[in-house]
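Visitor: Here it is, the structure, as structure tokens.
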Amino acid sequence: MQLVCPAGNLPALMAAIDNGADAVYVGFRDQTNARAFPGLNFSDDDLRRGIACARQHRRKVYLALNTYPESARMSEWHAAVDRAADIGASAIIAADMAVLDYA
């Protein structure tokens, strides 16, 4: 069994890692994330720092792409998958099968 914790920002990610989380799930600051609220979520730079912290502790970071795109906006979700891969996320959590298929 693993402890997987949500983190809405970098300090929360670091606190989860420091307190024993095996993995943390996060989201980008855009509509690919169901919890796209002002003041929450990750910029690319914050996510890079969070992933570096997690890796130092041998933990994982999952990126939640947990919304359903309209077909006309699918490219935004594809770009989010690409960003997650480029930044080094351990995995994605995808709600939409087309996003998962792209990944």
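The values are calculated or read from the model by the stated rules, or taken from the named source; none is laboratory data. Treat the numbers as computed from the prediction; the structure is a model and nothing was measured. When we count neighbours, we look across all protein chains shown, and the Cβ atoms used for this are built from the backbone with ideal geometry, even at glycine.
Visitor: Condition check: part of a loop (DSSP other than H, G, I, E, B) and either of a type in the set (D, E, K, R) or within 19 Å of residue 91 (Cβ to Cβ) (or both). Does residue 39 satisfy that? Give the steps one after another, and end with the answer.
Guide: Numbers: part of a loop (DSSP other than H, G, I, E, B): yes; either of a type in the set (D, E, K, R) or within 19 Å of residue 91 (Cβ to Cβ) (or both): no.
Answer is no for this residue.
Visitor: How do the pairs read when you match residues in segment 88-103 that are closer than 21 Å to residue 60 by Cβ and among the hydroxyl-bearing types (Ser, Thr, Tyr) with residues anywhere that are in a loop (DSSP other than H, G, I, E, B) and at pLDDT below 95, using Cβ under 6 Å and keeping only pairs 6 or more apart or on different chains?
Guide: Hits for this filter: zero, empty list.
Visitor: Moving to a separate point now. Which members of segment 45-61 meet the condition of being out of contact with any helix residue (DSSP H, G or I) (no Cβ under 7 Å at 6 or more places or on another chain) and either among the hydrophobic types (A, V, I, L, M, F, W, C) or in a helix (DSSP H, G or I) (or both)?
Guide: Matches in segment 45-61: 45, 52, 55, 56.
Visitor: Can you name the residue in segment 36-55 that is of a type in the set (Asp, Glu) and in contact (Cβ under 8 Å) with a residue 12 or more places away in the chain and is also surrounded by the most Cβ atoms within 10 Å (Cβ to Cβ) among such residues?
Guide: Here the residue is 46.
Visitor: Tally time: how many residues in segment 5-53 are more than 21 Å from residue 81 (Cβ to Cβ) and more than 11 Å from the chain's Cα centre (by Cα)?
Guide: So the count comes out to 17.
Visitor: While we're here: Let me confirm something: among 72, 85, 64, which residue is without any contact (Cβ under 8 Å) to a residue 40 or more places away in the chain and in a strand (DSSP E or B)? Even if it seems obvious, please write down each step before you answer.
Guide: Values: 72 fails: in a strand (DSSP E or B); 85 fails: in a strand (DSSP E or B).
Residue meeting the stated conditions: 64.
Visitor: Could you count how many residues in segment 1-35 are assigned to a loop (DSSP other than H, G, I, E, B) and free of Cβ contacts under 8 Å to residues at least 12 places away in the same chain?
Guide: As a first pass, look at segment 1-35 and keep what is assigned to a loop (DSSP other than H, G, I, E, B): 1-3, 7-9, 19-22, 27, 29-35.
Add one more test, that the residue is free of Cβ contacts under 8 Å to residues at least 12 places away in the same chain, and what stays is 1, 19.
Within segment 1-35, residues that are assigned to a loop (DSSP other than H, G, I, E, B) and free of Cβ contacts under 8 Å to residues at least 12 places away in the same chain number 2.
Visitor: Just to verify a result, which residue in segment 85-103, among those that are of a type in the set (A, V, I, L, M, F, W, C) and closer than 14 Å to residue 23 by Cβ, is surrounded by the fewest Cβ atoms within 10 Å (Cβ to Cβ)? Walk me through how you get there before you give the answer.
Guide: We begin by selecting, within segment 85-103, every residue of a type in the set (A, V, I, L, M, F, W, C); these are 85, 87, 89, 91-95, 97-100, 103.
Then keep just the ones that are closer than 14 Å to residue 23 by Cβ; that gives 89, 91-93.
On the way: 89: 22, 91: 13, 92: 19, 93: 15.
This residue is 91.
Visitor: Looking at the structure I just gave you, is residue 99 assigned to a helix (DSSP H, G or I), within 16 Å of the chain's Cα centre (by Cα) and farther than 17 Å from residue 36 by Cα?
Guide: Taking the combined requirement at face value, the residue satisfies it.
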